[in-house]
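A.B. asks: This is the structure I want to talk about, given as structure tokens.
Every number in this text was worked out from the coordinates using simple rules, so none of it is lab data. Predicted, not measured: the structure shown is a model, and the values here were computed from it. Cβ placement follows ideal geometry from the backbone for every residue including glycine, while neighbour counts extend to all protein chains displayed.
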């Protein structure tokens with residue numbers, strides 16, 4: 001390309017034509033081929049053999065929103081179901097900062113000393129604004145994350161707790177079929193996540209802290225009634241006396257609640273996750289609980305109730321999805337929302353109109 005600046009009258013000023021720009025992508029780099037999607041039979045075979053790669057790929061399909069992936073995932077779950085149910089499912093919750101991940105690290109290592117395998121399913125908090133998650137549980141479980149018999153799978157909650165809870169329960173089935181006889185489910189520790197996790201585990205462990213202010217603030221009726229065991233973390237150094245005081249307060253509070261359905265009286269223990277003190281005692285309490293509920297028949301009853309609960313939860317979820325995905329309902333919702341915001345119609349009559357239209361649509365199918 002000629003430049004006017006190269007004219008003779010602009011002596012002494014020269015503009016070069018430039019160099020040819022290299023391609024953006026390295027021409028010597030070989031493009032990686034996308035791995036083909038494994039079939040359901042390949043996944044099932046791999047899971048039953050304890051193949052961690054196949055288990056991870058199956059869990060990814062379970063978490064996927066793609067209809068194609070969901071079809072494969074549901075077939076895998078159905079075929080793995082007869083091989084599931086033979087594990088101890090333990091839910092672990094507590095306020096942020098209570099040391100859940102550190103505790104899981106040391107609890108898990110204690111369990112693995114006795115043989116067997118451990119799967120840790122951690123629901124990671126997601127940003128409501130960006131829907132992003134740090135998924136940093138593995139960084140806080142330093143020893144477990146490199147243990148050959150441990151499988152750690154963080155799942156982003158992404159603002160849809162019900163969906164993640166259902167997928168976590170399906171993941172439990174896959175992990176059990178892969179030979180993991182101990183399952184830990186860690187909650188985000190806020191909101192309704194405890195209720196969701198309580199509905200899929202055999203034992204619900206509540207981690208509390210002492211020395212952080214008013215200990216009675218930790219005594220919340222809903223969460224206390226769900227707990228099968230309460231453990232007070234960071235009972236070490238100068239905090240030992242405060243931990244023991246909190247232990248006495250929690251024990252007194254438990255007597256104010258009605259008896260549990262299992263007949264088990266929740267125990268309150270102290271321990272230190274960081275210094276690994278009192279870990280064996282916590283696990284002995286969990287052993288006593290399982291012995292107690294298996295003897296009185298509550299173990300099977302609780303699992304049956306959970307299976308029934310998740311059947312109805314899945315029905316509710318599918319009905320909601322079918323309702324909101326309907327194109328006619330989608331446009332009607334936008335119209336009714338505008339009318340409600342403009343004060344031309346009440347929220348209740350607008351909802352009734354939309355539902356009436358939906359029922360009319362499905363009745364003509």
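A.B. asks: Given a Förster radius of 41 Å and the C-beta distance between residue 261 and residue 56 as r, what FRET efficiency does 1/(1 + (r/R0)^6) yield to the nearest 0.05?
C.D. replies: 0.70
A.B. asks: For residue 20 paired with residue 49, estimate the spin-label separation in nm (one decimal), with each label point 7 Å from Cα along the Cα-to-Cβ line.
C.D. replies: Taking the two extended label points, one gets 5.0 nm.
A.B. asks: In nanometres, what is the gap between the two model label sites at residue 334 and residue 142, each 7 Å from Cα along Cα-to-Cβ?
C.D. replies: Those two pseudo-labels are separated by 5.3 nm.
A.B. asks: OK, next. Can you work out the FRET efficiency for the pair residue 307 and residue 287, with r the C-beta to C-beta distance and R0 = 22 Å, to the nearest 0.05?
C.D. replies: 0.35
A.B. asks: Additional query: Listing 361, 206, 174 from the residue with the fewest other Cβ atoms within 10 Å to the one with the most, what is the order?
C.D. replies: Sorted ascending by nearby Cβ count, the order is 361, 206, 174.
A.B. asks: OK, next. Using 1/(1 + (r/R0)^6) with R0 = 35 angstrom and r between the beta carbons of residue 68 and residue 355, what's the FRET efficiency to the nearest 0.05?
C.D. replies: Computed FRET efficiency for residue 68 and residue 355: 0.65.
A.B. asks: Taking 7 Å along the Cα-to-C-beta vector as the label spot, tell me the residue 315-residue 362 distance in nanometres, rounded to one decimal.
C.D. replies: According to this spin-label approximation, the distance is 1.1 nm.
A.B. asks: A further question on this structure: Ranking 202, 287, 353, 105 by Cβ neighbours within 10 Å, fewest first, what do you get?
C.D. replies: 287, 353, 202, 105
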